[in-house]
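Inspection log for the structure reproduced underneath, given as structure tokens.
The values are calculated or read from the model by the stated rules, or taken from the named source; none is laboratory data. Bear in mind the structure is a predicted one, so any value in this text is a computation, not a measurement. Positions of Cβ are backbone-derived with ideal geometry, glycine not excepted, and every protein chain shown enters the neighbour counts. Side chains included, ligands, DNA and RNA excluded: accessible areas come from the protein's heavy atoms. Shrake-Rupley method; radii C 1.70, N 1.55, O 1.52, S 1.80 Å.
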Amino acid sequence: MGGVAGVAVRAMRIYSGIQPLWRRLGRLVFGTRFRVRIQSTVLSQRISCRCPILSAIVVFLFAVAGISNAAEFEDAQKAYRIGDYATCIQLSDKAIKNRAFGEEFYLLKAESENQTGEYRVAYDTIVDGLARYSWSIRMRVVGIESARMSGQAEQATVWQTEVIDFAGRAPWRYSDADNLVTLGRAALDIGVDARSVLEKFYDRALKLHPQHRDAMLASGELALQKQDFELAGELFQTALKKYPDDADMYFGLARAMEQGEPALSAHALSMTFKNNHRHIPGLLFRAEDAIDAEQYDAALEQIDKVLKVNPKHPAAWAYRSVIALLRNDQRGANFFRDGALATWNKNPLVDYLIGRKLSQKYRFTEGAAHQQQALDFAANYGPARLQLTQDLLRLGREEEGWKLCEEAYKADAYDVQLFNLMQLNDELSKYRTLEVDGFLIRMEAREADIYGPAVIELLQRAKRTLCAKYGLDLKDRITVEIFPHQNDFAVRTFGMPGASGFLGVCFGRVITANSPASQADHPTNWQTVLWHEFCHVVTLELTRNRMPRWLSEGISVYEERLADPTWGQRMNAANRTRIVNGRLTAIRELSGAFLRPESNADLTFAYYQSSLVVEFIIERYGLEKLKSVLAELATGVPIDLALERHLASLEQLDEEFREHAAQLARDLAPNLDWEKHDLSAIRDDDDPERLERWVADHPTSLQGLTLLSAQLIERREFARAKPYLRKLIELFPEQVGHDCPYELLAAVHRELKETEDERKILQQYCDRTDAALPSLLRLVELYSAAGDWTALQNVSKQLLAINPLLPQTQRARVTAAEQSGERAEQIAGLNALLRMEPDDPAELHFKLATVLHAAGDASAKLHVLQALETAPRYREAQQLLLKIVREKKN
């Protein structure tokens, strides 16, 4: 079906889809009895086209006018999209004065005037446009911003109401793609749930016009708003195939890829500015990045660029307020916030932005207060509602936080973060809660039974040690949540699944951590993770959450090293290479090294360098000086000034620290030849002895010894490999990690059946590292076979700190405890094994009953009965039960 009839049918289909939605919108805004007759702000104009001939004439005239205006419109639109707003205004104004047909020139002119902060002028443009095109909802939606930002809030409400009324009464008139996108944006503005907007408006627009620029952009922006970054990335990449020079599309892609693919995000951002060097959202994005990196002067440079385009831009003034707060300038913060609200005194965006940035700096109490203010301005403002939910949960105000989360989810079920949080809340309801000594610990029930007491003991020890050392009287409850599934940890911590690489996070009084179960075959030592995070509790409490990232992380890693000789990061070959090659980051820029590192190695080194700076400060100036710096930070003094008052200027500290780090690098394996040689020809030579002759001439070469050892092992010449591996360990005993000389030499001894030598080298290795799980499990076999129960007990303790969920760990614990007579450890180990779905539960119940009976514990009877329930003919269990019964009678 074609022609007018076909258009009518399509319009009626769209009408039938969106009319019920607009009725619901009316009820949402005006109440259940929605029947409104609007007095339009301009004269209503109706054109009757009952006569077919007249209709044809009108269509013909419109077509001619469209051809004549097309070139002018394309020029004006291009100027707008590249940020040449003055030219766009000039071209649009000329077309309007020449009575060019269509609402587009009014829209371009008003949007350009909004972009440059000429809100009152834009308002007048919209009023003039509506005098010609009274039916336009697109102009009304653009005019809502102009009215709000020019002190015409009542008129903004009138236009908002008219959009709802017009679309509700005559949806067929607004069934084209342009108007569907406009209606979608209007619906979002009044709080309609995002999924309805996507399905009823944006998807319909794209069905009508699959490559409609604004529909693609709006869909991508909605996905970003709802944290669906994967979908947003797909949408913007598809759009860029059609619009390869579109700055807005590139910027959407930059935001979508920000976390997952930082290199692609950076490229997309550079393309944004290539196509529009005055792109305000992009400039604000850069300002946010600089704020996150604590580069406040750089952030102000980007903000100034925004204000040159739009001197009244509320987000720019809001970010100025944030920087003033972070610099402890409350008066300036108030002044800039007032500037942000000067154009619209109830703009929820202002306090939302200020609060969000404060929360990202871990100042959740202040952040939550700003979100509450934003919601006071606009009760249905979704971004503030979501951010306040996260703030409350991170403050430990869980009852309030989960209640708000449920309310927000009911209002917007499309929001990915809210959906994830609601799913997580269901999971958390199944967790076990342990409360002791000011700690509230949540763990999966099975894990709580297996190593919950060890978690309590570790946290109590950390509290005693670190609070005493730094002088903190900790009275508030600390919540610790340990997650067996990495995605649950990520949702609780970041709101989204993923975020691999993070082991734990501290928000101040709330700690989240991954359990060993979430880390597959190579778990990290959970004890060092909790020690690290509790150290954050201490320093964040001392500074009232006002400390730079590098100092917070640096102290925590430093304290790990002090707590246990195997914990924390130390100087190794990779760290030495970076230092020797001059890749240290200036202290002033060190917090920025944690943001979007190019690789995991870069992030790891940021942690290590930060700890070295702290170590240097304490060794050079003393712990008390560092504590004085922390006290100054608590009062709001900037880090640069606090360091200068108590230590030295940042420039001096940088210079002294670089010398200190360089000396540490030189002191690492000083007799080792660290030079990188070109051995490619030798390595690929058919003569297997050639490399050995080269090493004989370079007997301390790390590269040569490593390569030769690997070649000999590959050729299974184990005896010949031994002296080279021993030489590596002698020259560089600090070298640990996967496939280090210790592990390789132990494997060689095992191949040669040199059991005692294997045991010795494995023990040396495990004394230097905190997570050598395979080596420790091998030592369990060796010490058990040798009957060395003391050594087995020590190894079992190391295993418990890495993965207490392994049956091998608990069996080693039980065996060592049985031999040493430590009944409590034996009971704990047997109970743990029973929680691991054992193959022979009857035997474990019997063993546990035997130990409990010997200890005079009445629960022995229960366990012997459970053994007999599983194996009724278990003779030893029958005899133990009879013995227990007889003793009870006597």
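Results, tabulated for the structure shown:
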{"item": "Acute angle (nearest 10 degrees) that the helix 623-634 long axis makes with the longest principal axis of the chain, alpha-carbon atoms", "result": "20"}
{"item": "Dipole magnitude of the chain about its Cα centre (Cβ charges: Lys, Arg +1; Asp, Glu -1), debye to nearest 20", "result": "3380"}
{"item": "Cα centroid of region 645-724 to Cα centroid of region 460-475, whole Å", "result": "42"}
{"item": "Dipole axis of region 787-890 (+1 Lys, Arg; -1 Asp, Glu on Cβ), positive-most option in 867, 790, 831", "result": "867"}
{"item": "Fraction of accessible area attributable to carbon and sulfur, the chain (%, probe 1.4 Å)", "result": "50"}
{"item": "Highest to lowest packing among 122-128, 272-278, scored as the average C-beta count within 10 Å", "result": "122-128, 272-278"}
{"item": "The chain: calculated mean residue ellipticity at 222 nm from DSSP helix runs of at least 4, using -39500 (n - 2.57)", "result": "-22000 deg cm²/dmol"}
{"item": "In degrees, nearest ten, helix 650-667 long axis to first principal axis of the chain (Cα)", "result": "40"}
{"item": "Probe 1.4 Å, protein heavy atoms only - accessible area per residue of the chain in square angstrom", "result": "47"}
{"item": "Fully extended contour minus Cα-Cα distance, from residue 873 to residue 673, at 0.36 nm per residue", "result": "65.2 nm"}
{"item": "Whichever lysines have a C-alpha closer than 27 Å to that of residue 861, once near sequence neighbours (fewer than 8 apart) are set aside", "result": "847, 883, 888, 889"}
{"item": "Charge dipole magnitude, Cβ of K and R +1, D and E -1 - region 299-412, Cα centre, debye nearest 20", "result": "440"}
{"item": "Computed lengthening from residue 599 to residue 270, 0.36 nm per intervening residue step minus Cα-Cα distance", "result": "116.4 nm"}
{"item": "Euclidean distance between Cα centres, region 328-404 to region 145-199, Å", "result": "26"}
{"item": "Overall form of region 304-344 per C-alpha gyration tensor (a/c, 1.5; a/b vs b/c)", "result": "oblate"}
{"item": "Those residues of region 532-562 whose amide nitrogen sits under 17 Å from the label point placed on residue 437, 7 Å along Cα→Cβ", "result": "532-538"}
{"item": "Cα-based helix-to-principal-axis angle, 314-326 vs the chain, degrees rounded to 10", "result": "30"}
{"item": "Environment charge at residue 302 (Cβ cut-off 13 Å; Lys +1, Arg +1, Asp -1, Glu -1)", "result": "-1"}
{"item": "Protection proxy ranking of 245-256, 654-665, 78-89 - average other beta-carbon atoms within 10 Å, highest first", "result": "245-256, 78-89, 654-665"}
{"item": "Candidate lysines - alpha carbon under 19 Å from residue 625, same-chain residues fewer than 8 apart omitted", "result": "469"}
{"item": "Violating pairs (Cα-Cα greater than 23 angstrom) within the set 312/361; 200/410; 361/410; 274/305; 78/274", "result": "312/361; 361/410"}
{"item": "Ranked packing of 331-341, 178-188, 143-153, most packed first, by mean Cβ within 10 Å", "result": "178-188, 143-153, 331-341"}
{"item": "Relative contact order %, region 65-193, counting alpha carbon pairs below 8 Å whose residues are six or more apart", "result": "16"}
